[in-house]
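Let me begin by presenting the structure, written as structure tokens, before commenting on it.
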Amino acid sequence: MLRRHPDVSVPPVDDKSMKQVRQLMFGGVAVELMLPGLLEACRSWLPDIVVRGHLALAPYIAAEVLGIPHATIEEAAAGELTSHEAMFAEPLTRWRRERGLPADPELASLRRYLWLVPFPPSLRHDAAPFGPTARRIQPLIFNESQTSPTPGWLEALPLGPMVHVSLGSFAQRPELLRIIVDGLAEEPYSVVLGTTT
């Protein structure tokens, strides 16, 4: 990403740069790097269906090019990114044109097939679409464990409700962490805050 777009702010510093990074990363660089290999794999393997994460656009394009149904697994509990799919209209229009696919300015083909949502309805943002191909499934539960010992400080926390906070790829947003910490400060929970350096 940085080699192709050295002028872009990574990590993003505001909503505008976040949108720009998403467009360039998910609608550009990731597709450019993944699509040739995916097309080759699908042509040789001939899958019955392609399953993709909702921001993985290269598998969607490969499936569309080869006429293979594609199911999608939504990866954001609030559905926030699906409510901003329009940001991918320009890059997807370009990719579809380059691959000889018909225009789809409304991006209807993204949701043509099964769209799986592994999150409870209570977490979904009101503005996030839930179309006719969407189906709720039981949340995906982490079922792997490591052999490393539990840190002593974690075992020293009082028994009772605990909240784990992690921003994942948004880890460089200290102002967002501050909002979360302030919001939980008076609640009767132990709060474990995961950050990256």
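The values are calculated or read from the model by the stated rules, or taken from the named source; none is laboratory data. Computed from a predicted structure; not experimentally measured. We place every Cβ from the backbone using ideal geometry, glycine too, and count neighbours over all the protein chains shown. Remember, those area values only see protein heavy atoms, side chains included, never the ligands or the DNA or RNA. Shrake-Rupley method; radii C 1.70, N 1.55, O 1.52, S 1.80 Å.
Taking the numbered list (1) in contact (Cβ under 8 Å) with a residue 24 or more places away in the chain; (2) charged (D, E, K, R); (3) touching a Lys or Arg at 6+ places or on another chain (Cβ under 7 Å) in turn, residue 124 passes all entries but (3).
Every residue, every condition in (1) closer than 26 Å to residue 124 by Cβ; (2) open to solvent by less than 50 Å² (accessible area, probe 1.4 Å); (3) touching a residue at least 12 places away in the same chain (Cβ under 8 Å), yes or no:
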{"residue": "31", "(1), (2), (3)": "no, yes, yes"}
{"residue": "44", "(1), (2), (3)": "no, no, no"}
{"residue": "51", "(1), (2), (3)": "yes, no, yes"}
{"residue": "55", "(1), (2), (3)": "yes, yes, yes"}
{"residue": "59", "(1), (2), (3)": "yes, yes, yes"}
{"residue": "67", "(1), (2), (3)": "no, no, no"}
{"residue": "70", "(1), (2), (3)": "yes, yes, yes"}
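Scan segment 84-105 and give yes if some residue there is open to solvent by 40 Å² or more (accessible area, probe 1.4 Å) and in a strand (DSSP E or B), otherwise no. No - not one qualifying residue is present in segment 84-105. Within segment 172-192, residues that are touching a residue at least 12 places away in the same chain (Cβ under 8 Å) sit with their Cβ atoms under 9 Å from residues that are outside any loop (DSSP other than H, G, I, E, B) and exposed (fewer than 12 other Cβ atoms within 10 Å of the Cβ), at 6+ positions apart or across chains, in these pairs: 191/164; 192/154; 192/164. Among the helices (runs of 4 or more DSSP H) confined to segment 1-67, the ones with at least 3 residues that are over 17 Å from residue 98 (Cβ atoms) are located at 15-24, 30-45. Scanning segment 89-104 turns up one or more residues that are touching a Gly at 6+ places or on another chain (Cβ under 7 Å), under 20 Å from residue 35 (Cα atoms) and not charged (D, E, K, R). Consider segment 72-83 and keep the residues that are surrounded by 20 or more Cβ atoms within 10 Å (Cβ to Cβ) and assigned to a loop (DSSP other than H, G, I, E, B). The one that is nearest to the chain's Cα centre (by Cα) is 74. Please verify whether residue 171 is open to solvent by less than 50 Å² (accessible area, probe 1.4 Å), under 26 Å from residue 53 (Cα atoms), at pLDDT below 85 and of a type in the set (A, V, I, L, M, F, W, C), treating the condition exactly as stated. Criteria met by residue 171.
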